[in-house]
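The values are calculated or read from the model by the stated rules, or taken from the named source; none is laboratory data. These numbers were taken from a predicted model, which means no experiment stands behind them. Using ideal geometry, Cβ is built from the backbone for each residue, glycine included, and neighbour counts are taken over all protein chains shown.
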Amino acid sequence: MLFLALLTAAVAALTTAAASIRTTQSPPYSNTTTSSLQVDLGYSIYHGYSDAPHAINVWKGIRYAQAPIGKLRWQAPREPVVNRNSIISATRFPPSCPQSPEANGLPILAQSQAGASEDCLFLNVYVPSNATSASPLPGGGYGEGDGTDGFQPLINTNGNQFIAVVIQYRLGAFGFLNSDEVYRKGVVNAGLLDQHLALQWVQKYIHLFNGDPRRVTIFGESAGGGSVMLQGMAYGGSLGTQLFQNSIAASPYLPMQWGYKDWLPSQTYYAFAAHAGCYSMEPYGAPKTTPIFECLQNAESRVLMNASATVSQLTVYGQWAFLPVTDGTFVQDLPSRQLLRNQVNGVNLLIGNNANEGTGFSGNIDTEEELVAWLKLTFPLFTNNDIARVLEYYPSTNASVNPKAPLFATNGISGPTAINQSNVETGQLQRADNIYAEITFDCPALWMAQAYSQNAAGGNSYKYQFSVLPSLHGDDTNAYLAREGPMVYSQDLTTAFRKIIGNFIIDSNPSISNQIANGVTPGAMTNASNPASNWPPYTNYQPYMIDLNATCGVHRHALEHLETCGLPGDLNNITLVNAYTWEGGRGFRCDFWRAMGQLVPE
C-alpha cells in the first residue's frame, strides 16, 4: 500500500504493504543490483540505509525533477536527466525549498536559510525492511516547511504494513508566483505541478521499492491538506484513480483562490519583481532593458529568496502572499463550487480539523469596531451589508465580549460555542479566530466530506475533529509524526490516532478496536463500546463526526502546560457527534460562506 504525505512544504505517498507483501526471501527490489539498499531508477542509481531500530530502509534525497533554476524557473517540472556516472548516496535529507512564511514577523532572508536551495525537488522513501510492496506526500501555507518529518513511528505502530514517500515542492514565489505574464511565458501553480509530477513518479517507480501503485493514499496537513484537496480536484476531477485511491487531509488550508490574472496576484507579481530589481514601481522609474519575467529567470537565487520573504511580510497579517490560483486547466474552479458538484479524484477520504484552528492568525482584536476593521481588511470585496451578515452569523453576547473572561474549552454541543469561547481566547478576538478558522480550515473540511460521500466512484468519507488541548492549528501532527522532545500526548492517544490513519491507508476504513480507542491506561473504560470501533461514514443525512479528545486540561491549564496531555490520568475521550450542528451550527455557517463564493473566492 502507498501513503503520500503532503505536510508543510512536502508531500507524502504511502502504499500499504499489507495485501501486497510477498512472503519470499528474495531481495525486495525488482532490479539486479547486489545490495538490497541499492535501487536502479533508470535515470540514476541510489543507495539507501537501514534504520535498524525501526526495521525500515530509508532513501533520502531522491531526485524526481530537474532543478527549477534559470530558464526552468516558473516552468512545469521536468523529469530528471540521466545521471548514471556513479551510485548516489541517499542517506541525508535534501536541501529544503526557500521559505516564505505568513505575515506575522520578520522575513526569513536568504542569509538565514543556509540549508535552502531552489534545487529542492527531491523525495524521501521509507520502506519496511521486511516489505516486498508499498508509498506518501506533505505543506504549511504554501510558503514554509520541508520533508524532514519522520514517518517511522506511524509505520511501526501499524505493523510496518505500508511505505511512505515524502515529497518536497516549490514554495512561496518560486512555487506560486502567478500573473498573466507568468501564465503566458511559464506556468502558474508550479508547486501543485511539482506535486503532480511526484505522484506520477510514484506510479512509475514505486514498484522498485515493492510498493503497489494501485493502492496509493495521499496525505497532507495545512497547506498539505489544501494540496490534497486541489490534487483531488485536478483537471476537474477527471483523473479518477490514475494517481491515488484514497486521501487524508488534516486541517485543509483554503485561502482565497483568485484567478491567475486577477488584481491581487498581479499586484503581488509586480511587488515581487520590484523587490528583485526587475521592475520599478515609481511612475517615472528608469526603464528596464530586460522584460520582467526574463529578468526574474536570470536573477540570483539569493535576491529572489529575499524578495519572496519580504513580499510575504507585506500582506495581511496571518496570510500568505503566494498562493494557488484558478488557472482553468489544472485548477478549474473554486473548491466551494467544484466540491458541491462532487467532482473529485480518488475514492475514499479521511478528513479532519482541530478545535482551535484560527488562534494566532487574526492579530489583536479587543472591540467590535476592531473586528469590523479586520473583516474589511480580510474580505476586501465585502460591502457594509455583507459584514453585517457575518456579524449576524457570528453573534456576540454581552457576557462574551470580556477579553478577561475565564478560558475553557467548549463541548461543541451545548452551552457557549467557539464563536465566543475557547481554552485560548474569549471575546471579540475569539470571534475573529473562529471566523478565520471556519472559512479557512473547518468549512473546506466539511465541503470535502460532503463531496467524497457522494462521489461517482461510490466511496466513503470519514470526518473527525482533534480536540485535545490546546488543539491549535498543527497540534495534531505531534500525535502521529516523529517530533523531537518529550512526548506531547499520551501513548494511548498517539497510538489511537496513528492506528486511525494506518487502518484507513490499509483498509480504506479508519475504525480501530475498542481497546485501542479506549486505551490501556489504568482507569480507561476498556470494555466500553467506543464509536471509533465502528466509525460511521459521513453523509448529508447522517453527518457524523468523531471527536478525538482526552480527559486532560484542568490541571494542565493551571500549570500552563497546555501543550502536554500525557500525564497519569489523561485518558482517551472519543465520542460521536453531529458535524453539522457542532459548535452552534457550524454547518449552517459553512453554507453561508459557500453562498458568498463570488465575494470570497474559495
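In region 575-593, of all residues being in contact with an Asp or Glu (Cβ under 9 Å, 6 or more places away or on another chain) and crowded, with 20+ Cβ neighbours inside 10 Å, the one that is nearest to Asp333 (Cα to Cα) corresponds to Trp593.
Flag: Gly236 does not match the condition of being over 11 Å from the mean Cα position of the chain (by Cα), on the phi > 0 side of the Ramachandran plot, part of a loop (DSSP other than H, G, I, E, B) and in contact (Cβ under 8 Å) with a residue 12 or more places away in the chain.
Checked against the criterion of being modelled with pLDDT of 95 or more, closer than 18 Å to Arg170 by Cα and either surrounded by fewer than 16 Cβ atoms within 10 Å (Cβ to Cβ) or touching a helix residue (DSSP H, G or I) at 6+ places or on another chain (Cβ under 7 Å) (or both), the candidates Ala76, Ala110 yield just one match: Ala76. For region 396-404, the criterion of being surrounded by 12 or more Cβ atoms within 10 Å (Cβ to Cβ), within 27 Å of Glu602 (Cα to Cα) and modelled with pLDDT under 90 is met by at least one residue.
Scan region 222-266 residue by residue and report those that are under 19 Å from Gln598 (Cβ atoms) and hydrophobic (A, V, I, L, M, F, W, C). Across region 222-266, the qualifying residues are Met233, Leu254, Met256, Trp258, Trp263, Leu264.
Selection of helices (runs of 4 or more DSSP H) fully inside region 344-463 by the criterion of at least 1 residues being without any contact (Cβ under 8 Å) to a residue 60 or more places away in the chain returns 368-378, 384-393, 427-437.
Residues satisfying the criterion are absent from region 60-70 (criterion: crowded, with 22+ Cβ neighbours inside 10 Å, of a type in the set (D, E, K, R) and at pLDDT below 95). Remark: Trp535 falls outside the filter, which requires a residue to be surrounded by 14 or more Cβ atoms within 10 Å (Cβ to Cβ), aromatic (Phe, Trp, Tyr), over 30 Å from Arg215 (Cα atoms) and at pLDDT 85 or above. Scanning region 503-534 for residues that are within 23 Å of the chain's Cα centre (by Cα) and of a type in the set (A, V, I, L, M, F, W, C) yields Phe504, Ile505, Ile506.
Only one of the listed residues (Asp442, Asp475) is acidic (Asp, Glu) and either closer than 22 Å to Gly150 by Cα or out of contact with any helix residue (DSSP H, G or I) (no Cβ under 7 Å at 6 or more places or on another chain) (or both). That residue is Asp475. Of all residues in region 299-347, which are in contact with a helix residue (DSSP H, G or I) (Cβ under 8 Å, 6 or more places away or on another chain) and among the acidic types (Asp, Glu)? If the condition is that a residue be in contact with a helix residue (DSSP H, G or I) (Cβ under 8 Å, 6 or more places away or on another chain) and among the acidic types (Asp, Glu), then Asp327, Asp333 are the ones that fit.
What are the residues in region 202-219 that are buried (at least 24 other Cβ atoms within 10 Å of the Cβ) and assigned to a helix (DSSP H, G or I), if any? Val202, Ile206, Phe209, listed by residue number.
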